[in-house]
1. Given the protein chains as shown and a 1.4 Å probe, how many square angstrom of F56 are accessible, to the nearest 10?
2. What does the charge add up to near L92, with Lys and Arg as +1, Asp and Glu as -1, over the other residues with Cβ less than 15 Å from its Cβ?
3. Just how many pairs of Lys in the chain have C-alpha atoms closer than 15 Å, counting pairs that are eight or more places apart or on different chains?
4. Could you give the length gained on full extension between L21 and V63, defined as 0.36 nm per residue of separation minus the Cα-Cα distance, in nm?
5. Return the distance in nm (one decimal) between the two label points of a simple spin-label model at N11 and I126, each offset 7 Å from Cα along Cα→Cβ.
6. Select from S47, L95, V63 the residue farthest towards the positive end of the dipole of the chain; place +1 on Cβ of Lys and Arg, -1 on Cβ of Asp and Glu, and compute about the Cα centre.
7. Could you report the accessible area of H14 in Å², rounded to 10, computed with a 1.4 Å probe on the protein chains as they sit in the structure?
8. If you roll a 1.4 Å probe over the heavy atoms of the protein chains, what accessible area per residue do you get for segment 19-121, in Å²?
Amino acid sequence: MNKVFPKTINNQYHGHKVALLFFYLFTAMTVVRSLIHMFSPDGGAQSIATIPLDSFSTQASSVVILIFSLWGLSQLLMGLFYVIVLWRYKSLIPLMYIFLFLEYIIRIILGIMKPIVTHSVAPGAIINIIFPPLVLILFFLSIRNSKK
């Protein structure tokens, strides 16, 4: 439990280096994805997620684009938090993996509860299936003491 909730939060990471490397990749992915959602003209809704915005009314597609942009803002804030963890508080990386796991599990659940129509399988739908087991493995690697 002390590895997930360290008594002292510092920049010492004792887990496997692979988990640290992947956390850098997740951080970069989160920041880039957030900026696409915020600044792409369609928020990535049609161009990436293949949501058929062109079949929606102008008002409806504007709502979807705004929601994607706001989602990008939330992702950017989380991405910046990940950057701070990597910069100053690496002892929190195991906890961050728990948050990542929960995020992707809940994405799957919400996708089942509230499915949307798309033209094809969006990259996010594939990532939502791949990430939970990958993040779980990386979590266990992050709490394992690395061999020096």
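1. 70 Å²
2. On the way: positive: K3, K7, R88, K90; negative: none.
Net charge around L92: +4.
3. Going through the chain pair by pair, I get 5.
4. Numbers: separation 42, 0.36 × 42 = 15.12 nm, distance 3.67 nm.
In short, 11.4 nm is gained.
5. Using points 7 Å along Cα→Cβ, the separation is 3.7 nm.
6. Farthest towards the positive end: L95.
7. Its accessible surface works out to 100 Å², give or take rounding.
8. 57 Å²
The values are calculated or read from the model by the stated rules, or taken from the named source; none is laboratory data. Model, not experiment: these values are computed from the prediction. Note that we place each Cβ from the backbone using ideal geometry, even for glycine, and neighbour counts take in every protein chain shown. The accessibility values were calculated without ligands, DNA or RNA, using every heavy atom of the protein model including side chains. Shrake-Rupley method; radii C 1.70, N 1.55, O 1.52, S 1.80 Å.
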